[in-house]
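Okay, so here's the structure we're looking at.
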Amino acid sequence: MGEYQISHDGVKQVGAGLSGTIAETRGSGANRPAKNNHRVEQGHYPLFIQAGTKYVSIGYKDSESTRVIHKPGLELKETDERSEILIHPGQGFLTSIGCINPCTSLPDADEMIDFVPSRKRVIATFLA
């Protein structure tokens, strides 16, 4: 668990969902080698649109159902040898290894991520 802050050209953005708690797989941060099952190293990363089979930045479904296909998502870039690092709504604690899930708060690793608030936080990054 860590903290995130959305910025544009180094200027912190304010508003609902533009900062908060972030959840990722356990372990240390390492951006190399590729596919190492570690967290992304702490730092500043640009966000890009995602056009995957489950998560997309354009054309995601306007639904708060966890079962819908094409949920909102973004891709983290400039992560050295790592690739396909997605930011998407969390469901439970972690939906997948190698992805990042924003959430309202997580006091400890036993707290579950609520999908709806996490989804709103992902969408807020699109609109910032």
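The values are calculated or read from the model by the stated rules, or taken from the named source; none is laboratory data. What you see is a predicted model; the values in this text were computed from it and never measured. Cβ atoms come from the backbone with ideal geometry, glycine included; neighbour counts cover every protein chain shown.
For region 9-35, enumerate the residues that are part of a loop (DSSP other than H, G, I, E, B) and over 19 Å from Pro117 (Cβ atoms). I'd like the intermediate steps shown before the answer.
Step one: list which residues in region 9-35 are part of a loop (DSSP other than H, G, I, E, B), which gives 9-10, 13-18, 24-28, 30-35.
Asp9, Gly10, Thr25, Arg26, Gly27, Ser28, Ala30, Asn31, Arg32, Pro33, Ala34, Lys35 - these are the residues of region 9-35 that are part of a loop (DSSP other than H, G, I, E, B) and over 19 Å from Pro117 (Cβ atoms).
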*Options Glu64, Glu24, Glu111, Glu75; residue that is modelled with pLDDT under 90 and under 19 Å from Thr125 (Cα atoms)*: Glu24
*Keeping to region 34-59, report how many residues are out of contact with any Ser or Thr (no Cβ under 7 Å at 6 or more places or on another chain) and among the basic types (Lys, Arg).*
2
_Of everything in region 36-95, what is in contact with a helix residue (DSSP H, G or I) (Cβ under 7 Å, 6 or more places away or on another chain), assigned to a loop (DSSP other than H, G, I, E, B) and touching a residue at least 60 places away in the same chain (Cβ under 8 Å)? Give them in sequence order._
Ser57, Gly90
